[in-house]
Structures are given as C-alpha cells and as structure tokens.
Amino acid sequence: MKIETVEKLLDLKARKQQVALVTDLASGAQDLFTETHHAPALNLSPAAAEQVALAIREDRNAEIALDGRKCFVQVHNPPPRLIIIGAVHISQALAPMAAIAGYAVTVVDPRRTFATEDRFPGVTLSGAWPDEAMEKLAPDVRTAVVTLTHDPKLDDPALTAALRSPAFYIGALGSKKTHGARLGRLTRAGFTEADLARIHGPAGLDIGAKSPAEIAVSVLAQLTAARRNRQSQRPPG
Amino acid sequence: MTEEQEVLEAAALWRREGKGVALATVTATWGSSPRPTGSQLVVSTDGKMLGSVSGGCIEGAVFKEAQEVIADGKPRLLDFGITNEQAWEVGLACGGKLQVFLERVD
C-alpha cells in the first residue's frame, strides 16, 4: 500500500467518512472507495461498485469477486456509537468497557454533580437534558442507547427519542416492576407493543450480575449480540 | 483511538521514519479463527510489531515472511490452513484456517 493511501484513509477516518479500501489480491492493486470516488485505479464496473457499496452499508469486510477479480474489501466506517443516559455508577464501568469494545461513547446527564470529568475521565459528556441531547446526537442504525438513571424524568424522554430512531439497540435498566411501569407510560404516550418490544428491559443478559461492573458486562454483552445480529437470549427466571 | 487506526498510524509513522514496513490483513477465515476478517498487523524491519492477525499464533511466521515482502516489494497471499494434527506445530492450536494478505508500505 502506498503511504499516500494510508494517510488519505486516516484522514477520511478522522473526518468520520465512510470509506473502504479495495485490494486486488492477485496484483496488489488497490484504491479507496467512497460515495463519490469509486476506486478509480481498479476500473470497477457499475455492478462491482454496487457490491462494494453494499459491503460498506452492511459494515462487512469481505473477499469479493469484483469483475472476475478476487478482491478484498475492507470497510472503514466510523465507530458505532453508544449513548448512555445517566452518569451513574454503572456508567462509570460501562463507558470505558464500551470504548475498549470500539464504541464512541457519550454519557448524557443534566445533573452537574454526576456528569463530571473526574468521574468520567476522557469520556464525552453532555450536560443537556436527554431530549435535547438525543435530538443533537441523532441516533442512527449504528447507534445503541442505554438508559441507566431509573428516573422517568430522564429515562423516558431518551427512550421516546430512541424509539423514534433506527437505533440498533435500546436498553433500559430497572427492575421488572420499574420496567412494567415504564412500558405503561410509553404505551399511554402512543407507542405500540411492537415499538416497545425493541426495548431490552431490564437491560443486560441474565448472567447473575451484581456489581456495577458486572452489570456493565451484561449490558455490553447484550448490545454486542444485537450488533452481531444474534438473538440475545434471556434464560427464564 | 481504535486498534484499526493505531495500526495504520504506526504504518505511516514508521514508513515516514524511513523504516521498511509491511502490513498484514486477514482476508478470510474458516472455522474457529481468533481474529475476524480485516484484522491487521504492521511490522517494521527494525523488529517492531503492532496489532494482530491471530491470537499470537502465526504472528511469528507472518513477521518472517514480511521481511521478504519488504525486500522484494511483491504482495503475497498467505494461507495458514491448519489441521488439528498440525495445529500444535504451526501454532494455531484452535485448528482454524485463515488467509493473510501481506503487502509492503511504499
């Protein structure tokens, strides 16, 4: 690979652009593929360009035969995002764990004493109210949203915004009773049963988690399963 | 910074420092392979290594091959097809198979 290609790729990644590196595995010829720049060095046919565009949309690295040539398409999409509502104890564990797992994490909490740099070193914090924060963050198909405050004033507006977005994972912490009450409120707010089925509540896989760090593991495990298209199963009980 | 970025940053930095640099990318896997497709390892002629293409099992072999790629500039597609019997010898104890594309950073 030419160093210019490496640097161009790093620049596009820094600007959060969707880009793929396409390599002809036999000759080593390669070029970058973006929405406007279809790897011209490889002279792709429109059909081959569409195959690359599909891999980018599906966020999938793959060996693909492009115009009869064995090529490798390496997708460099911006990191998936995790929006955590509530700068609480569990968030202090979940934010760094999710960052290690590759998520760009934002913690939202308008309560000044909670969302502090001291408690969340190096984490992106938003002191806005959840409805405003969610509007600004605009969750997309590569975004997960988890509410952890237990406070309907904070959790409900975030869940409302999440349900109106295509977020790939929505989780809400709270006991079964809390969650039941929450579903009641959201139903009265006009959401259907199918809408509410998108919420993982209580959030997290049932691994018997007790400590904040363990609960963070269970939530991260569940959203990993959602991202990798597995049915995350909650054993009965 | 993600691991993906770290590897590419290192590739650019080491090359700009004038070292010989090669980049290895997992292009296909079969069976229980420890790192997913797209995982990368960057190596330099002065013995530096960052990232991974397996769980540490074939990095040594890739490193050795990388020195040849840096020398002749020809990209290579390497197959690590490992049966369970061979697994201990080559190092992929899991018995997985993978293909690695190895190229020089020019």
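What to note about this one:
- Cα-based helix-to-principal-axis angle, B:3-16 vs chain B, degrees rounded to 10: 40 degrees
- Using the Cβ-Cβ distance between residue A:27 and residue A:221 with R0 set to 45 Å, the FRET efficiency works out to roughly 0.60.
- For chain A, the per residue solvent-accessible surface stands at 49 Å², with DNA, RNA and ligands left out and a 1.4 Å probe.
- Extreme residue, positive dipole direction of region A:1-145, given options A:77, A:103, A:12 (C-beta unit charges): A:103
- Whole-Hz ³J(HN,Hα) from phi, Karplus 6.51 cos²θ - 1.76 cosθ + 1.60, for region A:100-106, glycine and proline x: 4, 6, x, 8, 8, 9, 10
- Using the Cβ-Cβ distance between residue B:13 and residue B:68 with R0 set to 22 Å, the FRET efficiency from 1/(1 + (r/R0)^6) comes to roughly 0.45.
- Å³ per residue enclosed by the Cα convex hull of region A:75-198: 105 Å³
- Relative to the longest principal axis of the Cα atoms of chain B, helix B:59-72 runs at roughly 40 degrees.
- Cα long-axis angle, helix A:3-14 against chain A (0 to 90 degrees, to the nearest 10): 20 degrees
- Heavy-atom accessible area buried between chains A and B is around 1800 Å² (1.4 Å probe, both sides summed).
- To the nearest 10, the accessible area of residue A:1 is 10 Å² with a 1.4 Å probe.
- Structural size metrics of region B:3-105, computed from C-alpha coordinates, are Rg and Dmax of 13.2, 43 Å.
- Dipole moment magnitude, nearest 20 debye, the protein assembly as shown about Cα centre, only Lys, Arg, Asp, Glu C-beta charged: 1020 debye
- 29 Å Cα-Cα threshold exceeded, pairs from A:13/A:210; A:16/B:74; A:13/A:70: A:13/A:210; A:16/B:74
- A protection proxy built from the mean count of other Cβ atoms within 10 Å ranks the segments A:188-199, A:83-94, A:136-147, most packed first, as A:83-94, A:136-147, A:188-199.
- Look at the stretch A:1-12: the mean tally of other chain Cβ atoms within 10 Å of its residues' Cβ atoms is 5.
- Accessible surface, per residue, of region B:3-105 when the full set of protein chains is kept, probe 1.4 Å, Å²: 44 Å²
- Translational diffusion coefficient (Stokes-Einstein; Kirkwood radius from C-alpha pairs) of chain A at 10 °C, 1.306 mPa s, in µm²/s: 81 µm²/s
- Straight-line reach from residue A:153: taking Cα to Cα under 18 Å and skipping same-chain neighbours fewer than 8 places apart, the aspartates and glutamates in range are A:109, A:131, A:132, A:135.
The values are calculated or read from the model by the stated rules, or taken from the named source; none is laboratory data. Note that the structure is predicted; figures quoted are calculated from it, not measured. As a convention, Cβ positions derive from the backbone with ideal geometry for all residues, glycine included, and neighbour counts pool all protein chains shown. Remember, those area values only see protein heavy atoms, side chains included, never the ligands or the DNA or RNA. Shrake-Rupley method; radii C 1.70, N 1.55, O 1.52, S 1.80 Å.
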